[in-house]
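Notes follow the structure.
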Amino acid sequence: DPIITSNASIKELLIKSGGNLTINGATLTVSKNAIVKGASGSSGIICNTTGNISVTGTSTYERYIPADTWHLLSIPNSNSDITQLTGLYVQSFDEATPAWVNLTSSSSLNAMQGYGVRYNTSAQTISFTGSFNNGSESISVTNADTGDDTETYGWNLVGNPYPSPIDWGASLGWDKSDITGTAYIWDGSTYRPLPYLSSNLIPPTQGFFVYSTVSSGTLGMDNQVRVKGDGSFYKGSLYSNLKIDISQEEKKDNLQIFFHPEGTDEFDKQYDGYKLFSWVEEVPQIYTITNSENKLLAINTLNSELLSDIQNPITLKIGYRTNIEGPISIGVTHIEAFNEDIAIGIYDNVLNIFQDITNFPYEFTSEIGEFNDRFVIYITKAPNTISELSNNLINCYTYNNTLVIKSKEPINNGKILVYDVLGRPIINKSLTTKTHHVFTIPEKTDIFVVNIIQDETFLYRKTLVK
């Protein structure tokens, strides 16, 4: 991909799908036409703070739109004529209602505003014509009821105003002072959150939602957020994070958990993201729930100090919604930037089952509804890296195919969790008021980790060989 660092003049410019042109501190003059074929979502013209492109003829950005599904769109140019979208159903989103509003042939388009669009017949390519946007751009954001505890209001549909990808996690070039730190991309079935603490690319002509924390404010950006794209959204994070998916009948949703020095167990405006629920009824929804405020979060950022003593599990309450009765699975699909191996477990309060979901999802059957008290997530060291935890009151040993637990006192409200070397649970039972317990070990299990818990506190941990 070429980079221009001094003033230059050419007759015509054609950037093919997947290609990028970077203009650093210079002006590129095009005497005829400039065309960017953006079918891949990564093609673009990237201008740095003082870079510029001057086109005498027509500037065109092409965007491919598949049929039979809604897309969030924005314009990359200064042309407000809605006829650029002829043949599409076009809607804007009214934050104060909140509701979608159909646009007509007399409506105008605005830079940095997002729109919902759809073809009902066949896929087509839109040609946006007009001078490409460059430099500082901004848009008003609103919240009709900042005191609403359910986050019904405050959702603003905005968009990428440039003919190039932008980085939501860029450290310079953004003014996000009036919004939370999460953007939301529609992926065809659910809203996928883009966290503040990672580099996430938003393609050209892409609309996305943000949440305003003030009744009247502004979202702004400039050329410093513009980057070269490669077709992928997620570019990675320096902070420890993980992703948990919920899946039902091939429809999926996810939540994300980050760790940062400024994170807390309540809502953090800069680092957390409220849950924006999908309008597709067949898609299950999953989220974390804050401790005292009971906020439903798609992204929850906790304090990284919690990882310094991860032998004591970090616990998070999660909830889910489903409109379909039947089997559901919950599992971990992404773990990144932890200093040591971790394990993620889930506890089912209804069935009294604990399972490690680091490598194997938890499967269960659900009724229709919203369930906010059923599951708790546990984050701790992986079983093969956990140091042993001794207790003078407890002793355990193996005898043939049995595990024997002896305690000098009854372990009230106690529980025993035993994992194999892959982190799969093989014993998950409550301990009675007795001081002597015997459990059967599966025949093919030779090495395992025994955990004894009382009132969610680990009392004892030991690795045994049968």
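The values are calculated or read from the model by the stated rules, or taken from the named source; none is laboratory data. Just so you know, these numbers come straight off a predicted model, no measurement behind them. Cβ coordinates were reconstructed from backbone atoms using ideal geometry, including for glycine residues, and neighbour counts include every protein chain displayed.
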Residue pairs qualifying under the 9 Å Cβ cut-off, at least six apart or on distinct chains, with the first in region 204-225 being without any contact (Cβ under 8 Å) to a residue 60 or more places away in the chain and the second being of a type in the set (Asp, Glu), are VAL225/ASP167
With the condition kept exactly as written, say whether any residue in region 418-432 is hydrophobic (A, V, I, L, M, F, W, C), without any contact (Cβ under 8 Å) to a residue 24 or more places away in the chain and out of contact with any helix residue (DSSP H, G or I) (no Cβ under 9 Å at 6 or more places or on another chain).
-> yes
Mind checking which residues of region 289-310 are out of contact with any Gly (no Cβ under 6 Å at 6 or more places or on another chain) and surrounded by 14 or more Cβ atoms within 10 Å (Cβ to Cβ)?
-> THR290, LYS295, LEU296, LEU297, ASN300, SER304, LEU306, LEU307, ILE310
Might you check whether a residue that is of a type in the set (Asp, Glu) and either in contact with a Cys (Cβ under 7 Å, 6 or more places away or on another chain) or crowded, with 16+ Cβ neighbours inside 10 Å (or both) occurs anywhere in region 339-347?
-> no
Please indicate, with yes or no, whether at least one residue in region 50-68 is surrounded by fewer than 17 Cβ atoms within 10 Å (Cβ to Cβ), outside any strand (DSSP E or B), touching a residue at least 12 places away in the same chain (Cβ under 8 Å) and touching a strand residue (DSSP E or B) at 6+ places or on another chain (Cβ under 6 Å).
-> yes
Return the pairs, sorted by first residue and then second, in which the second residue is of a type in the set (Asp, Glu) and surrounded by 19 or more Cβ atoms within 10 Å (Cβ to Cβ), the first residue lies in region 330-347 and is within 18 Å of ILE426 (Cα to Cα), the beta carbons are less than 8 Å apart, and the residues are 6+ apart or on different chains.
-> ALA343/ASP356; ILE344/ASP356; GLY345/ASP356
Options VAL227, VAL214, VAL117; residue that is over 24 Å from TRP100 (Cα atoms), over 18 Å from the mean Cα position of the chain (by Cα) and β-branched (Val, Ile, Thr) = VAL227
Taking the stated definitions as given, is ILE244 assigned to a strand (DSSP E or B), touching a strand residue (DSSP E or B) at 6+ places or on another chain (Cβ under 6 Å), of a type in the set (A, V, I, L, M) and crowded, with 21+ Cβ neighbours inside 10 Å?
-> yes
Give the number of residues within region 17-46 that are in a strand (DSSP E or B) and among the small types (Gly, Ala, Ser).
-> 2
Selection within region 178-209 - outside any strand (DSSP E or B) and either among the small types (Gly, Ala, Ser) or under 12 Å from the mean Cα position of the chain (by Cα) (or both) = GLY181, THR182, ASP187, GLY188, SER189, THR190, PRO195, TYR196, LEU197, SER198, SER199
Residue by residue through region 177-220, note down the ones that are among the charged types (D, E, K, R) and touching a Phe, Trp or Tyr at 6+ places or on another chain (Cβ under 8 Å).
-> ARG192
When you look at GLU281, is it of a type in the set (Asp, Glu), out of contact with any Ser or Thr (no Cβ under 7 Å at 6 or more places or on another chain) and within 25 Å of ALA337 (Cβ to Cβ), yes or no?
-> no
Applying the selection to region 151-177, what residues are over 20 Å from the mean Cα position of the chain (by Cα), part of a loop (DSSP other than H, G, I, E, B), surrounded by fewer than 21 Cβ atoms within 10 Å (Cβ to Cβ) and not aliphatic (A, V, I, L, M)?
-> TYR153, GLY173, SER177
Could you grab me the full set of residues in region 265-288 that are hydroxyl-bearing (Ser, Thr, Tyr), more than 18 Å from ILE179 (Cα to Cα) and outside any strand (DSSP E or B)?
-> SER278
Strands (runs of 3 or more DSSP E) contained in region 392-444 and holding at least 1 residues of a type in the set (A, V, I, L, M) and surrounded by 14 or more Cβ atoms within 10 Å (Cβ to Cβ) | 394-399, 402-407, 414-420, 425-431
Where a residue in region 287-298 is under 17 Å from ARG321 (Cα atoms) and its partner, wherever it lies, is among the small types (Gly, Ala, Ser), with Cβ under 8 Å and at least six apart = TYR287/ALA298; TYR287/GLY319; THR288/GLY319; ILE289/GLY319; LEU296/GLY319; LEU297/GLY273; ALA298/GLY273
What number goes with the only condition from (1) touching a residue at least 60 places away in the same chain (Cβ under 8 Å); (2) over 20 Å from the mean Cα position of the chain (by Cα); (3) surrounded by fewer than 20 Cβ atoms within 10 Å (Cβ to Cβ) that ASP356 does not pass?
-> (3)
How many residues are among the polar types (S, T, N, Q), more than 19 Å from GLY51 (Cβ to Cβ) and either modelled with pLDDT of 95 or more or buried (at least 17 other Cβ atoms within 10 Å of the Cβ) (or both) if we restrict to region 11-35?
-> 1
